[in-house]
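*Asks:* Below you will find the structure I want to go over with you.
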Amino acid sequence: MGEQDTTLTELDAVIVGAGFAGMYMLHRLRSQGMSAIVLEAGSDVGGTWYWNRYPGARCDVPSMEYSYSFSRELQQDWDWTEVMAAQPEILAYANHVADRFDLRRDIQFDTRVSAAHYDDNAMRWRVTTEAGAIFDTHFCIMATGCLSVPNTPVIPGADDFTGSIYHTGRWPHEGVDFSGLTVGIIGTGSSGIQAIPEIAAAANHLTVFQRTPNYTMPANNGPLTPDFLARAKADYDEIRATERQSQAGIIGYGFGFGGADPEMPTDAILDTTPEQRRQALDDNGFAAVRQYVDIGLDMEANELACEMYREQIARIVSDTKKAEGLMPRGYPIGCKRPVIDTDYYETFNRDDVTLVDLRNGGIEQITATGIKTAQGDFEFDALVYATGFDAMTGALLGIDVVGREGRTLKNHWEAGPRTYLGLQIHGFPNLFTITGPGSPSVLSNMIVSIEQHVEWIADCVADLAGRQALAIEPTPEAESGWIEHVNQIASGTMLTAPSCNSWYLGANIPGKPRIFMPYVGGVGAYRNKCDEVAANDYEGFRVYSADLTHLQE
Ligand code: NA7
């Protein structure tokens, strides 16, 4: 335990988290003349890109688009080097932004927030850190990230392992030298699929423990040419405007190294013959699986695409048993977060990579020297957990959040997260969540969604000040209506298919309520809704004046 810090600081806003959301929020509020501080558990900026330093960590959104748009000068000055940037480059960008806008002077690092309690009388939040410092603030803004609390499954014997243990979401800053070592990795989500080819290349031997094979597509990454960069920069205003009104905040500008934007499919897979589908695989490989219009709409169509997908694995992976082991079955394409990779399946053609398909017998326990499964024992020197995160709600529920009249966030969210627009929660006035559950967040280009939320929140608090109002919170009706809408538009999609188990649904964490958390309605429609709500005098919210009697049910 460090020394207790009992200082009390009064501010207009406390922002929790110094990732891309917290950094921009700070910049915005400061430029509105507000006093604000960012409290950050890590020792520097970057959020997810600060923690996830595992080999192969990379963004799956084109770098020209996965970047801030709020400063024209910034976007003109920064030169990305690859179509999709690797973690070190994104972290360098975050650091550049912190320096450029002099953000660090209002960020307190190595500071984990443990509690945020609303004081009904003062109508202010008291935010407490693990070290005991207290921040007394008008607004509390959670920029805590959607994938920031690593999930380490509880496996019997986990503490017995005598070799080194790593989690992709908490990778050592100095890196890990796997040369000469045998390694075991659990998990084949995005992180595992990115790390496996790199670890396999570095280590003596890699054993992959796979519970559910994923559908992953070749990333087709590559360097950005100076010509492409110049063209994209010239088009930036249009790129950003289109992103903001798009479905996912990504337009795939010049995807394919400066070529045309991808064409939307028009053919139905249900109208094709097996011969045509084989030909499509001959011509386009995995990309052929995406070229049909009906696979997201119809289970039968989706299953045909899954068959094509499996056939393509068999074409790449020469060992029939390994190929069979890598084939996803029993759940549709489009249910889990899409994964893209570099040489993932090719890696399994290496003799020094073993696949343990846990569908043939699961993990029984971790031992001093490896993992015991129902299909045999496997030994290695180092163990990597690529087992994901307690997504979307983990970080918020990890803080003891207590709102009006003593209500706890834990109780309020017992059956799953409830928010209005993913921005605010009934009973928790002046608490905002950036890319909270109920907003497009993880279904979108996070930076586009972050900017939209930051700007909405910044305008909202400026409006409140303008009308001498003290607080804002959603009505219970607006919150219920929104959650119903979030669920209703997700139902019937592949994302909520009964056979689908994803972290979008909370299905990766034992005991977590199964509810579809992000908003599937699209970034553009969602932005328009948020703007409309604000323009309609904050429809669905209660805005409180200084008259405290209004702050009740
Ligand atoms: P994910 O996508 O949640 O993947 C976690 C993986 O770990 C997944 O393959 C899980 O299998 C596996 N897992 C989790 N618990 C276990 C146990 N107990 N035994 C075996 N395997 C297990 O996390 P990522 O970090 O890869 O990616 C998260 C997001 O970060 C990603 O979508 C991008 O947006 C960036 P399961 O599928 O649950 O059977």
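The values are calculated or read from the model by the stated rules, or taken from the named source; none is laboratory data. All values derive from a computational prediction rather than experimental measurement. When we count neighbours, we look across all protein chains shown, and the Cβ atoms used for this are built from the backbone with ideal geometry, even at glycine. Only protein heavy atoms, including side chains, enter the accessible area calculation; ligands, DNA and RNA are left aside. Shrake-Rupley method; radii C 1.70, N 1.55, O 1.52, S 1.80 Å.
*Asks:* Does region 358-400 hold any residues that are in a helix (DSSP H, G or I) and under 30 Å from the mean Cα position of the chain (by Cα), and which are they?
*Replies:* Just the residues of region 358-400 that are in a helix (DSSP H, G or I), to begin with: 358-360, 394-397.
Selection gives Leu358, Arg359, Gly394, Ala395, Leu396, Leu397.
*Asks:* Could you tell me how many of the residues in region 328-343 are touching a Lys or Arg at 6+ places or on another chain (Cβ under 8 Å) and buried (at least 19 other Cβ atoms within 10 Å of the Cβ)?
*Replies:* Count: 1.
*Asks:* Continuing with the same structure: Open to solvent by 30 Å² or more (accessible area, probe 1.4 Å) and among the basic types (Lys, Arg): does that describe Arg231? If you could, list the steps in order and put the result at the bottom.
*Replies:* Details: open to solvent by 30 Å² or more (accessible area, probe 1.4 Å): yes; among the basic types (Lys, Arg): yes.
For Arg231, the condition - open to solvent by 30 Å² or more (accessible area, probe 1.4 Å) and among the basic types (Lys, Arg) - is met.
*Asks:* In this structure, does Gln452 turn out to be open to solvent by less than 40 Å² (accessible area, probe 1.4 Å), under 13 Å from Tyr526 (Cβ atoms), of a type outside the set (Lys, Arg) and in the same structural domain as Val61 (by TED's automatic domain parsing)?
*Replies:* Values: open to solvent by less than 40 Å² (accessible area, probe 1.4 Å): yes; under 13 Å from Tyr526 (Cβ atoms): yes; of a type outside the set (Lys, Arg): yes; in the same structural domain as Val61 (by TED's automatic domain parsing): yes.
Considered against the rule, which asks whether it is open to solvent by less than 40 Å² (accessible area, probe 1.4 Å), under 13 Å from Tyr526 (Cβ atoms), of a type outside the set (Lys, Arg) and in the same structural domain as Val61 (by TED's automatic domain parsing), Gln452 comes out as yes.
*Asks:* For Pro510, all conditions in the list (1) within 27 Å of the chain's Cα centre (by Cα); (2) crowded, with 17+ Cβ neighbours inside 10 Å hold save one; what is the number of the exception?
*Replies:* Pro510 satisfies all of (1) within 27 Å of the chain's Cα centre (by Cα); (2) crowded, with 17+ Cβ neighbours inside 10 Å except (2).
*Asks:* Looking only at region 118-167, which residues are touching a helix residue (DSSP H, G or I) at 6+ places or on another chain (Cβ under 9 Å) and either of a type in the set (Gly, Ala, Ser) or surrounded by fewer than 18 Cβ atoms within 10 Å (Cβ to Cβ) (or both)?
*Replies:* Asp120, Asn121, Met123, Ala143, Gly145, Ser148, Thr152, Ile165 - these are the residues of region 118-167 that are touching a helix residue (DSSP H, G or I) at 6+ places or on another chain (Cβ under 9 Å) and either of a type in the set (Gly, Ala, Ser) or surrounded by fewer than 18 Cβ atoms within 10 Å (Cβ to Cβ) (or both).
*Asks:* Test Ser499 against the criterion of being open to solvent by 50 Å² or more (accessible area, probe 1.4 Å), polar (S, T, N, Q) and farther than 30 Å from Gly33 by Cβ, and give yes or no.
*Replies:* No.
*Asks:* Select from region 273-308 the residues that are in a loop (DSSP other than H, G, I, E, B) and closer than 24 Å to Leu326 by Cβ and list them in ascending order.
*Replies:* If we filter region 273-308 for residues that are in a loop (DSSP other than H, G, I, E, B), which is where we start, we get 273, 291-298.
Of everything in region 273-308, those that are in a loop (DSSP other than H, G, I, E, B) and closer than 24 Å to Leu326 by Cβ turn out to be Gln291, Tyr292, Ile295, Gly296.
*Asks:* Listed residues Arg277, Arg290, Arg240; which is surrounded by 14 or more Cβ atoms within 10 Å (Cβ to Cβ) and either without any contact (Cβ under 8 Å) to a residue 40 or more places away in the chain or over 27 Å from Pro62 (Cα atoms) (or both)? Reasoning before the result, please.
*Replies:* Values: Arg290 fails: either without any contact (Cβ under 8 Å) to a residue 40 or more places away in the chain or over 27 Å from Pro62 (Cα atoms) (or both); Arg240 fails: either without any contact (Cβ under 8 Å) to a residue 40 or more places away in the chain or over 27 Å from Pro62 (Cα atoms) (or both).
The conditions single out Arg277.
*Asks:* Filter region 185-216 for residues that are closer than 25 Å to Glu307 by Cβ and of a type in the set (S, T, N, Q); which is farthest from the ligand (Cβ to nearest atom)? Full working, then the answer.
*Replies:* Within region 185-216, the subset closer than 25 Å to Glu307 by Cβ is 188-190, 192-193, 196, 208, 210-216.
After this cut, where a residue has to be of a type in the set (S, T, N, Q) as well, the list is 188, 190, 210, 212, 214, 216.
On the way: Thr188: 4, Ser190: 4, Gln210: 7, Thr212: 3, Asn214: 7, Thr216: 11 Å.
Taking the candidates together, the pick is Thr216.
*Asks:* Still on this structure, please answer the following. Specify the residue that is surrounded by the fewest Cβ atoms within 10 Å (Cβ to Cβ); the eligible residues are those in region 187-228 that are in a loop (DSSP other than H, G, I, E, B) and among the polar types (S, T, N, Q).
*Replies:* My answer is Thr225.
*Asks:* Still on this model: Within region 361-371, work out how many residues are within 13 Å of the ligand (Cβ to nearest atom) and not hydrophobic (A, V, I, L, M, F, W, C). Can you show your working first?
*Replies:* So in region 361-371, the residues within 13 Å of the ligand (Cβ to nearest atom) come out as 361-366, 371.
From what's left, not hydrophobic (A, V, I, L, M, F, W, C): 361-362, 364-365.
The qualifying residues number 4.
*Asks:* When the residues of region 384-415 are filtered to those that are within 11 Å of the ligand (Cβ to nearest atom) and not hydrophobic (A, V, I, L, M, F, W, C), which remaining residue is farthest from His167 (Cα to Cα)?
*Replies:* Asp390
*Asks:* A further question on this structure: Give the residue, chosen from Arg329, Arg290, Arg310, that is closer than 29 Å to Phe516 by Cα and within 16 Å of the ligand (Cβ to nearest atom).
*Replies:* Working: Arg290 fails: within 16 Å of the ligand (Cβ to nearest atom); Arg310 fails: within 16 Å of the ligand (Cβ to nearest atom).
Just a single option satisfies the conditions, and that option is Arg329.
*Asks:* In region 98-175, which strands (runs of 3 or more DSSP E) lie fully inside it and hold 3 or more residues that are more than 16 Å from the ligand (Cβ to nearest atom) and assigned by TED's automatic domain parsing to the domain that holds Thr435? Before you say what the answer is, go through the steps one by one.
*Replies:* Values: elements: 113-119, 124-129, 134-142, 164-167.
Result: 113-119, 124-129, 134-142.
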